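The values are calculated or read from the model by the stated rules, or taken from the named source; none is laboratory data. Just so we're clear, the structure is a prediction, and the values are computed from it rather than from any experiment. Glycine gets a Cβ as well: all are built from the backbone with ideal geometry, and neighbour counts include every protein chain shown.
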Amino acid sequence: MTTSRAISGTAFATLLLIALMMGANHVAARIAFNNGVDVATAVVFRSGVTALVVVALLVLQGVRFTFSTRHKRMLPAIGLLIGIQSLCLYSAVARLPVALALLAFNTYPIWTALWARVIYGQRPERAMLIAMPVILAGLALALDVFGAASGLGAAGQWARIGAGVAFALAAAGTFGLALVVTQHEAGDIDGRVRTATTMAIAGVVALATVGLQGGFHLPTAMAGWWGLAALTFLYGTAFTIMFTVLPKLGVVGNSAIMNVEPVFALVLAWLILGQAIAPIQVIGALIVVGAVMVLGMRRR
């Protein structure tokens, strides 16, 4: 969401809290992945529990579920896209330093503009055209695409990060497509209802993936159970705050402020996982985050 007026200090702090919890969710996911949990299992737990919590809140608030024929046709498609996005992003987190996975995913505004142009013929705004090369340049620094910081050279660096970056970009692409389709085909649905249906369908997509791979891959150590529980709690709680507290504070939906999530993830991954990146990569990360935040905060 973009805001054209200043938000309160409480709203700002709440948005930062949500970004912190989202970043911590991905660090917890990496702990789970390091201890036997696979991506599909994590997405089933995360999406399933979140969907149940949101549905329970909607029932308590007396919100009615009403869908038009177009909604019934498009919501499953949106849910499928978010399910794929969730699997791809967690696959990136399992293969890359957490902050770098989230930074590559933060290219989704570029994908959103691309899909809007291809599907609906919308020309990208001038601000987006200016931001695109800035985001890509910052991402190139953050990923150390030439292998200078790692000392591996371009070939060695891409052999190490290539699969993870591909998953992160696939997540960004599917998320951007989901945003565009949602805006044009389901924007008139109550955001809480849309979130509940999307999370439920994403959970079904992950559950189908679990079935195809032969069943759940549960933690093999206590640390994995803590990681699985933490990622589910953090994600579910962040979403609950987003759809119950923020509207009362005058903020509806997402905010550009929450794009500081990779910065929180960078610090947490360094403190908890011992993941460190070179100073030049940190500069690249800040460029990406700054550019995306400027895009999100611009007046329309």
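Scanning region 173-194 for residues that are surrounded by 18 or more Cβ atoms within 10 Å (Cβ to Cβ) and more than 20 Å from the chain's Cα centre (by Cα) gives a single hit, 189.
Report yes if residue 280 is in a helix (DSSP H, G or I), among the aliphatic types (A, V, I, L, M), touching a residue at least 12 places away in the same chain (Cβ under 8 Å) and exposed (fewer than 15 other Cβ atoms within 10 Å of the Cβ), otherwise no. Write out each step before concluding.
On the way: in a helix (DSSP H, G or I): yes; among the aliphatic types (A, V, I, L, M): yes; touching a residue at least 12 places away in the same chain (Cβ under 8 Å): yes; exposed (fewer than 15 other Cβ atoms within 10 Å of the Cβ): yes.
Yes: the conditions hold for residue 280.
Report yes if some residue within region 147-159 is part of a helix (DSSP H, G or I), out of contact with any Ser or Thr (no Cβ under 9 Å at 6 or more places or on another chain) and among the polar types (S, T, N, Q); otherwise report no. No, because not a single residue in region 147-159 is part of a helix (DSSP H, G or I), out of contact with any Ser or Thr (no Cβ under 9 Å at 6 or more places or on another chain) and among the polar types (S, T, N, Q).
What is the residue count in region 235-265 for residues that are acidic (Asp, Glu) and modelled with pLDDT under 75?
0
Among the residues of region 112-133, those identified as more than 24 Å from residue 85 (Cα to Cα) and outside any loop (DSSP other than H, G, I, E, B) are 126, 127, 129, 130.
Does residue 238 qualify as being on the phi < 0 side of the Ramachandran plot and in contact with a Cys (Cβ under 7 Å, 6 or more places away or on another chain)?
Numbers: on the phi < 0 side of the Ramachandran plot: yes; in contact with a Cys (Cβ under 7 Å, 6 or more places away or on another chain): no.
In short, no.
Report yes if residue 208 is loosely packed, with under 14 Cβ neighbours inside 10 Å and either over 30 Å from residue 76 (Cα atoms) or touching a helix residue (DSSP H, G or I) at 6+ places or on another chain (Cβ under 9 Å) (or both), otherwise no. Judged against the criteria, residue 208 is a match.
Taking residues in region 61-73 that are in contact (Cβ under 8 Å) with a residue 60 or more places away in the chain and under 10 Å from residue 186 (Cα atoms), and partners anywhere that are hydroxyl-bearing (Ser, Thr, Tyr) and loosely packed, with under 10 Cβ neighbours inside 10 Å, not one pair has Cβ atoms closer than 9 Å while being at least 6 places apart or on different chains. Restricting region 143-160 to residues that are aliphatic (A, V, I, L, M) and under 16 Å from residue 287 (Cβ atoms) leaves a set whose member that is surrounded by the most Cβ atoms within 10 Å (Cβ to Cβ) is 143.
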